[in-house]
Amino acid sequence: MPSAVLAAIGDELLSGARLEKNCNFMAKNFHNRGWELKRVEIISDEEDEIINLFSRWVGKVDLLIISGGLGPTHDDKTRYAISKYLGCDLYSDSLYDKVVERVKNDPRRLEYTERCRDPQAMIPKLAAPIFNPVGFALGIKFEKDGTKVLALPGVPMEYEAMTRQELPEIFSRENKNYAWTSIIILDVPEMTIANKIPEVVNNKNLHVSILPAFPQVELIIRGQPLQVEDAERIIRKQFPDSLPRGCTSIAEAVLFEAKAKSVKVSCAESCTGGLVGASLTNIAGSSEVFNGSAVTYSNEAKMKILGVSEATLKNLGAVSEQCAAEMAEGALRVYDSDFAVSTTGIAGPDGGTELKPVGTVCFGVASKAGTKTFTKKLPGGRSEVRLRAVRFALSELWKEIRK
């Protein structure tokens, strides 16, 4: 099994000012191809830190990919650190002309690209340049002591394009000795799941990850293809209500079931602010069954768009099962759909009361057969409450569609 290390460079990543995405993207692809990912590191914009990274991993893994620090500003130090590590000078590589050629018909971008030639074209003499097909800075690659090193820009779009360009085998070649599968189970605690499948979790030839995220638990099984297949069969026999094969999220399961039943779905959202609809429309092909989502944050919007009664809002409040029912029924009518789900709650950090504390969310699922409502007290901060509400809303919608 080939091994790799991923690293991201940037003080903005360490401070939390920016979210690191490149290592996550590449880790998924290593996982899909059966690579052993030894470590993911985030380090500062310091030459010594970058050099120490090389010292820790060169000669110990097959591949080291670093992102960041190749731009034109004072804090971009990767090329200089590589130059010091390899003990050589920098030179301006002519491959940069190919980057310039790409923007020759855009005067403003052409002027910027030429102005940034030094340092973005600078490459250590004992390394080689990597063409940037979508951005401006050249990447850098070298091999030492059996380790291939790629230094790429930190902009996610550029990083992805350049890894696909330089490592086509990771994105296209299947590993016949390795497989993995994802199985999602709803409304069952992770320890209950583990206790029901001891022959899977105790199999030393499999790598089993159990990942809870209310109201679902995802099992990721990795290993030799036949053993993974056997494990999946055991799990699905024990948990027949797990999401359909090939569905890696509850949103995918909703769309899968809606397409299978030839029904249309819609949403009415308050506290989730469109996240339920976004989860569905993030998936290609959702337009076949998804009609729309009404984001009705204010009481006025709930009344005018969805037809929620003024009496309900006055007597029971927006965070009530009756309001959730009327919202779902309104979405069913407005979007002429077969099923609709609604969310209305208190995501926080303010707005809670003794009777309705922060995290209280009411849900409705409406269909031509009737309307069901639920209330949940969801833990966590504002973002976590909203995300948990999305997952619960979609899980209840899926259950109703598949009946």
Approximate spin-label separation Ala128-Ser309, in nm, with each point projected 7 Å along Cα-to-Cβ: 7.4 nm
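Under a Cβ-Cβ cut-off of 12 Å, what is the net charge of the residues other than Ala389 that fall near it, where Lys and Arg count +1 and Asp and Glu count -1?
Details: positive: Lys376, Lys377, Arg382, Arg386, Arg388, Arg391; negative: Glu269, Glu384, Glu396.
Taking every Cβ under 12 Å from that of Ala389, the sum is +3.
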Within the chain, helix-based [θ] at 222 nm, where runs of 4 or more DSSP H residues each add -39,500 (n - 2.57), nearest 500: -11500 deg cm²/dmol
Length released on extending from Gln238 to Leu316, taking residue separation times 0.36 nm less the Cα-Cα span: 23.9 nm
Sites Cys88 and Ser383, calculated FRET efficiency, Cβ-Cβ separation with R0 60 Å, nearest 0.05: 0.80
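Nearest 5 percent is fine: what portion of the DSSP beta bridges confined to the chain is antiparallel?
60 percent
Which of the trypsin sites (Lys or Arg not before Pro) found in the stretch 144-175 are in a DSSP loop and have at most 15 neighbouring Cβ atoms, other than their own, within 10 Å?
Within the stretch 144-175, the qualifying trypsin sites (Lys or Arg not before Pro) (loop, at most 15 other Cβ atoms within 10 Å) are Arg173.
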Given Lys77/Lys104; Lys77/Lys98; Lys259/Lys372; Lys141/Lys176; Lys302/Lys356, the pairs whose alpha carbons are separated by over 25 Å: Lys77/Lys104; Lys141/Lys176
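Which FRET efficiency, nearest 0.05, do Glu12 and Asn52 yield, Cβ-Cβ r, R0 30 Å? It would help to have the intermediate numbers written out before the result.
Working: r = 20 Å, r/R0 = 0.66.
Working from the Cβ atoms, E equals 0.90.
Suppose every Lys and Arg Cβ carries +1 and every Asp and Glu Cβ carries -1, with no other charges. What dipole size does the chain come out with about its Cα centre, to the nearest 20 debye? Before the final figure, lay out the partial values.
On the way: 51 positive and 52 negative charges, 209 e Å.
With only Lys, Arg, Asp and Glu charged at Cβ, the dipole is about 1000 debye.
What does the charge add up to near Glu326, with Lys and Arg as +1, Asp and Glu as -1, over the other residues with Cβ less than 12 Å from its Cβ? Show your work: numbers first, answer last.
Numbers: positive: Lys302, Arg333; negative: Glu310, Glu321, Glu329.
It works out to a net charge of -1.
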Axial C-alpha extent at least 24 Å, average Kyte-Doolittle at least -1.0 - helices from the chain (DSSP): 382-402
Inter-site label distance for Arg109 and Phe25 at 7 Å from Cα along Cβ, in nm: 1.7 nm
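We did not get these values from a lab; they are worked out from the coordinates using the rules stated. Keep in mind it's a predicted model, so treat the numbers as computed, not measured. When we count neighbours, we look across all protein chains shown, and the Cβ atoms used for this are built from the backbone with ideal geometry, even at glycine.
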